[in-house]
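> Questions regarding the structure given below will be posed in turn.
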Amino acid sequence: MAAPKHFLQLHDLSRDELEHVFARTRWIKDQFKRYQPYHPMFDRTLVMIFEKQSTRTRLSFEAGMHQLGGSAIFLSTRDSQLGRGEPVEDAAQVISRMCDLVMIRTFEQDIIDRFARHSRVPVINGLTNEYHPCQILADIYTFIEHRGSIAGRTVAWVGDSNNVCNTWLQAAEVFGFNVHVSTPPGYEIEPERAGLYGDDHYEEFADPMDAVCDADLVTTDVWTSMGFEAENEERRRDFEDWQVDAQMMRLAKPDALFMHCLPAHRGEEVAAEVIDGPQSVVWDEAENRLHTQKALMEYLLLGRVNP
Ligand code: CP
Ligand code: NVA
């Protein structure tokens, strides 16, 4: 049996493959908007395993699989044997014999890597402590819809060097753009943890005001990610000066976009006037999770489909 193709980190797919997924996203989204049924996944089943909470990821995968003609099953740590210590390798063997595709949201990347090594079917990363590749797939597609190619552009990341930040850094290498990163002292990016091949596509700035200068896109995320709640109070103090506000947005290009993967905390990592303002594309970003993931599932299961 040929090894299945997984999507565990953004750079698991080449630029050419990701561009194919974007081309298919355009077609799938257009069909959806015109109420044209497209059911290539008839009789196929997606299993979704959640060890952390979710609104967008669960909804977009479940609705997406349904719209493609298949079905989706939700499992959580609380109500499966994973929560009672069944080895992830055993769970992978069993689950992947009963379905066609698996999506997992979990803690350490090592957990999903181990699951994938023992899975007979493609595994998709729905967020780990280290990466959130489905999010950046949607974000880059959203950028392209609004502004065209992202190659050669500048993305400013303000805040925590978390899973979403790491994935932007990987995407910069794949698509050939630059990330200007500003994190508080003690929260700097770790290139190895981010899975980077080099340091040609990012630059670090002590002052967030310098990072956003002339950026085409300004983006941020929560100060405290899931799994790090014990650090909440300390992080609130440490990140105080890393809020994306209107003054910061004025330093970016006049047509710069603002993105946030959501959920957001207005008054913490972003000011309400920015996330609810004219440069914000957060709702398009959220919607595009649905369309890009439908194209991703199609690619992983059916290969290069040309209508
Ligand atoms: N952005 C994102 O992944 O949202 P959820 O946590 O709601 O899935
Ligand atoms: N960085 C956030 C993203 C949530 C979608 C977290 O991991 O909690």
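> In whole Å, what three semi-axes, largest first, describe the equivalent ellipsoid of segment 60-139 built from its Cα gyration tensor (square root of 5 times each eigenvalue)? Can you show the working numbers first?
Working: eigenvalues 77, 55, 29 Å².
Three semi-axes, in Å: 20, 17, 12.
> Here's something else I'd like to know. Ignoring ligands, DNA and RNA, please state the percent of accessible area on segment 172-251 from carbon and sulfur, probe 1.4 Å.
44
> Could you give each residue of segment 151-164 its phi-based ³J(HN,Hα) in whole Hz, using Karplus coefficients 6.51, -1.76, 1.60 with θ = phi - 60°, and x for Gly or Pro?
Running phi through 6.51 cos²θ - 1.76 cosθ + 1.60 with θ = phi - 60° gives 4, x, 7, 10, 10, 9, 9, 10, x, 7, 8, 9, 4, 6 Hz.
> Expressed as a fraction of 2.2 N^0.38 Å, the rule-of-thumb size for a compact globular protein of N residues, what is the C-alpha radius of gyration of segment 151-307? Mind showing how you got there, number by number?
Details: Rg = 16.1 Å, N = 157, 2.2 N^0.38 = 15.0 Å.
Cα-based Rg divided by the globular estimate yields 1.07.
> Once the whole set of protein chains is in place, how much accessible area is left on LYS294, using a 1.4 Å probe, in Å² to the nearest 10?
Probe radius 1.4 Å; accessible area of LYS294 about 10 Å².
> ³J(HN,Hα) across segment 34-48 via Karplus (A = 6.51, B = -1.76, C = 1.60, θ = phi - 60°), whole Hz, x for Gly/Pro?
9, 6, 8, x, 9, 10, x, 9, 3, 6, 9, 10, 9, 9, 10
> What is the percent of Cα-Cα separations in the chain that go past 30 Å?
Looking at the chain, the distances longer than 30 Å represent 31 percent of pairs.
> At 1.306 mPa s and 10 °C, plugging the Kirkwood radius over alpha-carbon pairs of segment 1-112 into Stokes-Einstein gives what diffusion coefficient in µm²/s? Mind showing how you got there, number by number?
Details: Rh = 15.7 Å.
Rounded, D is 101 µm²/s.
> If one computes the Cα centroid of segment 1-51 and of segment 275-304, what distance in Å separates the two points?
10
> Given a 1.4 angstrom probe, what's the average accessible area per residue across the chain, in square angstrom?
On the way: 13370 Å² over 307 residues.
Roughly 44 Å² per residue, with all protein chains present.
> Further question: Can you spot the aspartates and glutamates whose alpha carbon is less than 20 Å from LYS33's alpha carbon? Ignore those fewer than 8 places along the same chain.
Result set, ordered by chain and number: GLU62, ASP139, GLU145, ASP284, GLU285, GLU287, GLU298.
> Right, another one. For ALA72, enumerate residues with amide H under 5 Å from its amide H, sequence gap 5+ or separate chain, H modeled in the peptide plane.
LEU46
> Still on this structure, please answer the following. What does the highest-first list of 174-181, 240-247 look like by mean Cβ count within 10 Å? Provide the component values of the computation, followed by the final result.
Values: 174-181: 19.9, 240-247: 15.6.
Per-residue mean Cβ counts within 10 Å order the peptides as 174-181, 240-247.
> Could I ask something else about it? Using the Karplus curve 6.51 cos²θ - 1.76 cosθ + 1.60 with θ = phi - 60°, work out ³J(HN,Hα) for each residue of segment 282-291 in order, rounded to whole Hz, and write x for Gly and Pro.
5, 6, 5, 4, 5, 4, 5, 4, 4, 5
The values are calculated or read from the model by the stated rules, or taken from the named source; none is laboratory data. Small disclaimer: the values here were computed from a predicted structure and weren't measured. No Cβ is skipped: glycine too gets one built from the backbone with ideal geometry, and neighbour counts run over all protein chains shown. Heads up: the accessible areas ignore ligands, DNA and RNA and are worked out on the full protein's heavy atoms, side chains in. Shrake-Rupley method; radii C 1.70, N 1.55, O 1.52, S 1.80 Å.
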